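The values are calculated or read from the model by the stated rules, or taken from the named source; none is laboratory data. On a predicted model such as this, the values are computed, not experimentally measured, just so you know. With ideal geometry, Cβ positions are generated from the backbone for all residues, glycine too; neighbour counts draw on all protein chains shown. Just the protein is used for accessible areas: all its heavy atoms, side chains included, with ligands, DNA and RNA removed. Shrake-Rupley method; radii C 1.70, N 1.55, O 1.52, S 1.80 Å.
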Amino acid sequence: MAAKNIMIVGVGGQGTLLTSRILGGLAITGGYDVKLSEVHGMAQRGGSVVTFVRYGDKVAEPIVEEGQADVIIAFERLEALRYAHFLKKDGALIINDWRIDPMPVVIGAAEYPEDIIETLGKDHKVYTVNATEEAKKIGNSRVFNLIVLGVAAQHMDFTKEELEQILSENAKKLFTI
């Protein structure tokens with residue numbers, strides 16, 4: 001199998017790093033070679049965090065190049081917009097329909113873009129879920145990333161059984177954090 005390229009993008013504190021490790025564990029369970037990488041600059045201050053998960057029969061490097069992501073999992077709308085150029089022409093963009101205002105918006109120096117999901121839908125296959133609200137209904141807002149991952153897994157090469165196994169194992173971690 002050729003390498004699959006997944007990006008997980010979000011804001012510091014949303015669990016992108018944990019989610020990339022969960023996804024990497026799922027790929028290892030499936031018998032694939034896996035490479036993970038992460039970029040987080042101002043993450044502690046609510047800044048952008050990007051993680052890369054590459055898996056396949058043989059993976060040489062961990063970084064996903066622009067225009068090469070098979071799937072981008074975005075934990076926040078603006079982060080989806082910020083990194084959509086990494087998506088392949090036929091790739092899937094999974095978006096948690098949630099808004100977190102970056103500091104320039106908070107202080108009034110910029111405006112949060114309107115109609116992000118609609119704009120992205122003009123050029124990309126976009127799938128949205130309001131995973132944050134669904135997680136709150138469950139009673140633990142920390143599990144929203146598992147909900148988003150469940151939606152994203154429908155666009156990856158994992159069996160239902162593999163996904164259920166890794167989600168059940170990692171849900172315990174999230175509930176005890």
Kindly list, by first and then second residue, each pair from a residue in the stretch 97-126 that is under 16 Å from Glu79 (Cβ atoms) to a residue that is open to solvent by 90 Å² or more (accessible area, probe 1.4 Å) and of a type in the set (Asp, Glu), limited to pairs with Cβ atoms under 8 Å and residues at least 6 apart or on different chains.
-> Val105/Glu111
Residues of the stretch 107-129 satisfying the condition of being aromatic (Phe, Trp, Tyr) and under 20 Å from the mean Cα position of the chain (by Cα) = Tyr127
Filtering the stretch 97-125 for residues that are open to solvent by less than 40 Å² (accessible area, probe 1.4 Å), in contact with a helix residue (DSSP H, G or I) (Cβ under 8 Å, 6 or more places away or on another chain) and at pLDDT 90 or above leaves a count of 4
Those residues of the stretch 123-146 which are under 20 Å from Met7 (Cβ atoms) and outside any helix (DSSP H, G or I), in sequence order = Asp123, His124, Lys125, Val126, Tyr127, Thr128, Val129
Before we move on, is Val50 in contact (Cβ under 8 Å) with a residue 40 or more places away in the chain and under 21 Å from Asn145 (Cβ atoms)?
-> yes
Residue set Arg82, Arg77; condition touching a residue at least 24 places away in the same chain (Cβ under 8 Å), crowded, with 21+ Cβ neighbours inside 10 Å and more than 17 Å from Ser20 (Cα to Cα); output residue Arg77
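Residues checked against (1) part of a helix (DSSP H, G or I); (2) over 20 Å from Val151 (Cα atoms):
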{"position": "Lys35", "(1), (2)": "no, yes"}
{"position": "Tyr55", "(1), (2)": "no, no"}
{"position": "Glu61", "(1), (2)": "no, yes"}
{"position": "Ala80", "(1), (2)": "yes, no"}
{"position": "Ile100", "(1), (2)": "no, yes"}
{"position": "Glu111", "(1), (2)": "no, yes"}
{"position": "Glu114", "(1), (2)": "no, yes"}
Does Asp90 count as surrounded by fewer than 18 Cβ atoms within 10 Å (Cβ to Cβ) and without any contact (Cβ under 8 Å) to a residue 12 or more places away in the chain?
-> no
Selection from the stretch 39-57 of residues that are surrounded by fewer than 17 Cβ atoms within 10 Å (Cβ to Cβ), at pLDDT below 85 and not polar (S, T, N, Q) | Val39, His40, Gly41, Met42, Arg45, Gly46, Gly47
